[in-house]
Every structure is written in C-alpha cells, then in structure tokens.
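Some notes on the structure that comes next.
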Amino acid sequence: MKFDIRSISSTGCAVEGFLKQEDFCVRIHEIECLAPIQLSGRIEKTSAMVRAQINVKTVFRYICGRCLETCDKEFCEHLDLHYPVESQENYIDIGEDVRQEILLGFPDRVVCQDQCKGLCPRCGVNLNQEQCGCGKNE
C-alpha cells in the first residue's frame with residue numbers, strides 16, 4: 001500500500017484498505033490467513049517524518065501447539081510506524097512493514113486456549129476431549 005508523501009497534507013490523511021491474504025504467508029502448515037488484512041488509520045507528515053498509525057484486522061487459522069487441533073482467531077493490532085522524509089523519496093510503502101510487524105508479533109507457539117491440556121505423551125489422546133486411559137504413574 002503506497003502513499004505519495006507529497007500528497008499528505010499538514011492535517012494528515014485517512015488510511016483505508018486491504019492487503020491480499022495470498023501475499024501473507026506466515027508459517028506454512030501452521031498458520032493460515034483466512035481473510036484480507038484490513039487496514040485503517042491515519043498518516044501524518046512533519047518536515048522530517050511520516051507517521052502511520054494503523055489498525056490491522058484479519059482472521060488467522062492456527063494449529064494448536066499443544067493439542068494439534070485447528071482454531072480460528074481474530075487478529076487485531078495497532079501499529080505505529082515512522083518513516084524519515086528523504087528528499088529523493090516520493091513514496092512510502094507501508095504494506096511490507098505491516099507484514100513484518102505482524103510476523104514479529106506471533107508467538108513461537110500458538111495455543112487454542114490458555115487452558116489447553118494438550119495430548120497425552122504416552123497414548124496421544126486429546127486431553128481436552130477425553131480422559132487418558134494409559135495411567136500417569138505407569
């Protein structure tokens with residue numbers, strides 16, 4: 001999503017748009033983007049800096065790191081991006097920076113819920129759905 005720096009007025013301008021979900025490969029086979037990434041917010045310019053305050057919203061499908069079940073979660077994040085104004089630059093592209101910020105914000109291990117019990121290490125039963133029959137003290 002590109003913006004012409006010269007067209008940003010002193011009062012700023014509104015940002016509304018989408019990034020394609022197909023371009024948003026997070027972790028193949030673990031996290032999938034289900035909807036276009038919705039961007040809304042504001043861009044302001046001073047003599048030396050462009051500031052983009054962007055709200056990001058989409059839905060991701062995860063594979064839980066404990067029980068291996070799939071779950072869908074809404075993703076909402078506020079980003080505050082800063083770009084130096086350089087005389088030879090006429091445009092800023094916030095798309096890649098938004099993508100990078102989302103990637104950096106993902107935890108190493110996503111779980112379906114904080115109370116997820118995971119799988120039994122002996123028999124593989126999903127402990128969220130049923131009791132394990134193999135015995136813990138064996």
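Laid out as a table, the results:
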{"item": "Where a residue in region 1-15 is under 15 Å from GLU86 (Cα atoms) and its partner, wherever it lies, is at pLDDT below 80, with Cβ under 8 Å and at least six apart", "result": "ILE5/GLU89"}
{"item": "Filter pass, PRO107 being more than 30 Å from GLY12 (Cα to Cα), surrounded by fewer than 13 Cβ atoms within 10 Å (Cβ to Cβ), out of contact with any helix residue (DSSP H, G or I) (no Cβ under 9 Å at 6 or more places or on another chain) and not polar (S, T, N, Q)", "result": "yes"}
{"item": "Residue list for region 62-87, restricted to those being touching a residue at least 24 places away in the same chain (Cβ under 8 Å) and among the small types (Gly, Ala, Ser)", "result": "GLY65"}
{"item": "Qualifying residue in region 56-74 (condition: closer than 30 Å to SER7 by Cβ and out of contact with any Phe, Trp or Tyr (no Cβ under 6 Å at 6 or more places or on another chain))", "result": "yes"}
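Conditions tested, residue by residue: (1) among the small types (Gly, Ala, Ser); (2) closer than 30 Å to THR11 by Cα; (3) under 14 Å from the mean Cα position of the chain (by Cα); (4) surrounded by fewer than 14 Cβ atoms within 10 Å (Cβ to Cβ).
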{"position": "LEU39", "(1), (2), (3), (4)": "no, yes, yes, no"}
{"position": "ALA48", "(1), (2), (3), (4)": "yes, yes, no, yes"}
{"position": "ARG51", "(1), (2), (3), (4)": "no, yes, no, no"}
{"position": "VAL59", "(1), (2), (3), (4)": "no, no, yes, no"}
{"position": "LEU68", "(1), (2), (3), (4)": "no, no, no, yes"}
{"position": "ASP72", "(1), (2), (3), (4)": "no, no, yes, yes"}
{"position": "LEU79", "(1), (2), (3), (4)": "no, yes, yes, no"}
{"position": "GLU86", "(1), (2), (3), (4)": "no, yes, no, yes"}
{"position": "GLU89", "(1), (2), (3), (4)": "no, yes, no, yes"}
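This table checks each residue for (1) modelled with pLDDT under 90; (2) at negative phi; (3) in contact with a Leu (Cβ under 9 Å, 6 or more places away or on another chain); (4) among the aliphatic types (A, V, I, L, M).
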| site | (1), (2), (3), (4) |
| --- | --- |
| PHE60 | yes, yes, yes, no |
| ARG66 | no, yes, yes, no |
| GLU96 | yes, yes, no, no |
| ILE102 | yes, yes, yes, yes |
| ARG109 | yes, yes, no, no |
| ASN126 | no, yes, yes, no |
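The values are calculated or read from the model by the stated rules, or taken from the named source; none is laboratory data. Given the structure is predicted, the values throughout are model-derived calculations rather than measurements. Note that each Cβ is placed from the backbone with ideal geometry, even for glycine, and that neighbours are counted across all protein chains shown.
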